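Trainee: Here it is, the structure in full.
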Amino acid sequence: MSKGRAVAVISIYDMTKSMKIEQMQSDFVANASHELRTPLSIISGFIETLQTSAKNDAKARDKFLSIMREQTDYMASLIENLLSLSKIELKQDEKPDEIVDVLEIAEEAADALSQKAAERKIKIRIDFEDNVPEIIADRGQIKQLIQNLTDNAVKYGVSQSDVTIAISKSTNIPNSKSHKTANGEAVAIAINNKGAKISTDNLTRLTERFYRMQEHKNLNIKGTGLGLSIAKQIILRHRGNLTVTSTSYNGTTFTVYLPISQEDKS
Ligand SMILES: Nc1ncnc2c1ncn2[C@@H]1O[C@H](COP(=O)(O)OP(=O)(O)OP(=O)(O)O)[C@@H](O)[C@H]1O
Ligand SMILES: [Mg+2]
């Protein structure tokens, strides 16, 4: 009898959990659809103007076409990020098993972003300790993780300053209240940019899907608000951790901790 009751309790608990997940999924679909609808309606509005009042106005046409281009670029990166998130979710319970050289990946990310950095007169520097070991990880995902964080540093850092990617060995991974981190040694990747201090309120919300700081929206800096939530999912899968510190003097540093091994030492 008491056994039966226990089973009932578990199933109600599971139902609550799955209802929560369903709610989160439908919120996500609603947000994603809303984010796609906005540029779509802007484009559609300009098409109408080009077909009617601006039909013979070459100057207006150029201006409207460049806005339409901006909006389609935004839609393309939104779709790319949504697809990334869903691919990452599919792999979430799979243990990473590739041998990965973090320094090599940081160099690839710095190369890929060098043009964008040069446009803002930013230099990307890589600092690394000698003998940082390779880690067991998912290479493609670690590349995406470092690229997303470095892209942010280049985009939100002060122009004409340096972005630094510092790679070192760490004896452990800082504990997390929300998820289980691996024990044992780790590699730490600290990505720093100069800039205004981020408020504590904003800091706690940065990895939420679609969250973007108002001041960056006001400055018309483009983004989907998904880069850091992708980074967070990748770090969770690797049982690592992410810390962020921000001061007006040192700027902002995102530090990723990734375990060297995926096997727990007891
Ligand atoms: N290094 C940073 N310095 C200051 N603010 C940052 C930094 N990184 C992220 N942010 C803030 O966090 C928000 C969320 O970042 P996230 O990478 O998730 O999205 P995004 O950069 O806006 O879009 P996307 O990654 O698609 O280009 C940013 O919009 C910005 O306001
Ligand atoms: Mg980003």
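The values are calculated or read from the model by the stated rules, or taken from the named source; none is laboratory data. In this text, all values refer to a predicted model and were calculated from it rather than measured experimentally. Note that each Cβ is placed from the backbone with ideal geometry, even for glycine, and that neighbours are counted across all protein chains shown.
Trainee: So for the stretch 205-223 (the condition being farther than 30 Å from residue 67 by Cα and either assigned by TED's automatic domain parsing to the domain that holds residue 70 or small (Gly, Ala, Ser) (or both)), does at least one residue qualify?
Mentor: So far as the stretch 205-223 goes, no, none of its residues is farther than 30 Å from residue 67 by Cα and either assigned by TED's automatic domain parsing to the domain that holds residue 70 or small (Gly, Ala, Ser) (or both).
Trainee: Condition test on residue 153, is it assigned to a helix (DSSP H, G or I) and of a type outside the set (Val, Ile, Thr)?
Mentor: Criteria met by residue 153.
Residues are listed down the side, and each one gets a yes or a no for (1) away from ligand 2 (no atom under 16 Å from the Cβ); (2) over 25 Å from residue 88 (Cβ atoms):
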| position | (1), (2) |
| --- | --- |
| 195 | no, yes |
| 199 | yes, yes |
| 204 | yes, no |
| 215 | no, yes |
| 218 | yes, yes |
| 222 | no, no |
| 230 | no, no |
| 235 | no, no |
| 245 | yes, yes |
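Trainee: Quick one: which helices (runs of 4 or more DSSP H) lie wholly within the stretch 173-266 and hold at least 3 residues that are among the basic types (Lys, Arg) and more than 12 Å from ligand 1 (Cβ to nearest atom)?
Mentor: none
Trainee: Please enumerate the residues belonging to the stretch 106-163 that are over 25 Å from residue 184 (Cβ atoms), crowded, with 18+ Cβ neighbours inside 10 Å and either aliphatic (A, V, I, L, M) or free of Cβ contacts under 8 Å to residues at least 40 places away in the same chain (or both).
Mentor: 109, 110, 113, 117, 122, 124, 147, 153, 154, 163
Trainee: Those residues that are loosely packed, with under 12 Cβ neighbours inside 10 Å and in a helix (DSSP H, G or I), I need them from the stretch 48-62; list them, please.
Mentor: Passing the criteria: 48, 51, 58, 59, 62.
Trainee: All but one of (1) away from ligand 1 (no atom under 15 Å from the Cβ); (2) small (Gly, Ala, Ser); (3) touching a Lys or Arg at 6+ places or on another chain (Cβ under 7 Å) hold for residue 114; which doesn't?
Mentor: Only one criterion in (1) away from ligand 1 (no atom under 15 Å from the Cβ); (2) small (Gly, Ala, Ser); (3) touching a Lys or Arg at 6+ places or on another chain (Cβ under 7 Å) is unmet by residue 114, namely (3).
Trainee: Search the stretch 132-165 for residues being among the polar types (S, T, N, Q) and within 12 Å of the chain's Cα centre (by Cα), and hand back the single one that is nearest to ligand 1 (Cβ to nearest atom).
Mentor: Top of the filtered list is 152.
Trainee: Same structure again: If a residue has to be basic (Lys, Arg) and either in contact with a helix residue (DSSP H, G or I) (Cβ under 8 Å, 6 or more places away or on another chain) or modelled with pLDDT of 95 or more (or both) to count, how many in the stretch 38-62 make the cut?
Mentor: Residues in the stretch 38-62 being basic (Lys, Arg) and either in contact with a helix residue (DSSP H, G or I) (Cβ under 8 Å, 6 or more places away or on another chain) or modelled with pLDDT of 95 or more (or both): 1 in total.
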